Amino acid sequence: MDCTDAATQYSMVFSAYESFNGYSLTLKGWSVTVALAGMLAAYSNSVTRNGRIALVLATLSTVPFWWIDALFKSWQQGYERVLQSLESSCEAILPVMGLWTEMHVSNWDGLMADLQAWFGQPEGAGPFLMLLYPGVFLPHALILVAGLILAIGFPPRTEAEAPPRRKTLR
């Protein structure tokens, strides 16, 4: 393959690789919106009887978004090898992926490698381990923990627990 074909293929694969970041941001936005709207609705007056159940269900609504985000991130990880092989095959291509990997190797990457070896997945993280990756778990896990803390420590009041309403004189 000559460098012109490799560069064309590289740009196509790189645009597909980058599109996963857009999907991830969209999923994070929907996760936060759906969960927080459900949590606020659980504290409304119309849901007072089953407020704790509604709060837990709203909190658990982040789990499917978290899973899909991890799945997309694991698919995105598969593109990294292709991009690195295309970078090494042609000197005309700036080694973006290779340079990024060299500059951003951290202890977290070592921990992920240890987890991959422990779970027997040497080829890639897969969706289960990607659930633990900071770029994946941050909004979802925070909302999940916050919602469960609210459900356990500060559940919505029932009508019997609510303070009596004052009647206004007109």
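The values are calculated or read from the model by the stated rules, or taken from the named source; none is laboratory data. The structure displayed is predicted, hence computed values, not measured ones. Here the Cβ positions follow ideal geometry from the backbone for every residue, glycine too, while neighbour counts run over all protein chains shown. We work out accessible area using only protein heavy atoms, side chains counted, and drop any ligands, DNA or RNA first. Shrake-Rupley method; radii C 1.70, N 1.55, O 1.52, S 1.80 Å.
Miscellaneous remarks
- Accessible surface, 1.4 Å probe, highest first, among residues Ile68, Ile143: Ile68, Ile143
- Between Leu142 and Glu80, the contour length at 0.36 nm per residue exceeds the alpha carbon distance by 19.5 nm.
- If you take all other residues with their beta carbon under 9 Å from the beta carbon of Met130, and give Lys and Arg +1 and Asp and Glu -1, the sum is 0.
- Per-residue extension of 0.36 nm, minus the Cα-Cα distance of Leu132 and Arg52, leaves a gain of 26.1 nm for this segment.
- Phi angles across region 137-142 convert, under the Karplus curve 6.51 cos²θ - 1.76 cosθ + 1.60 with θ = phi - 60°, into 3J(HN,Hα) values of 7, 4, x, 5, 5, 5 Hz, Gly and Pro given as x.
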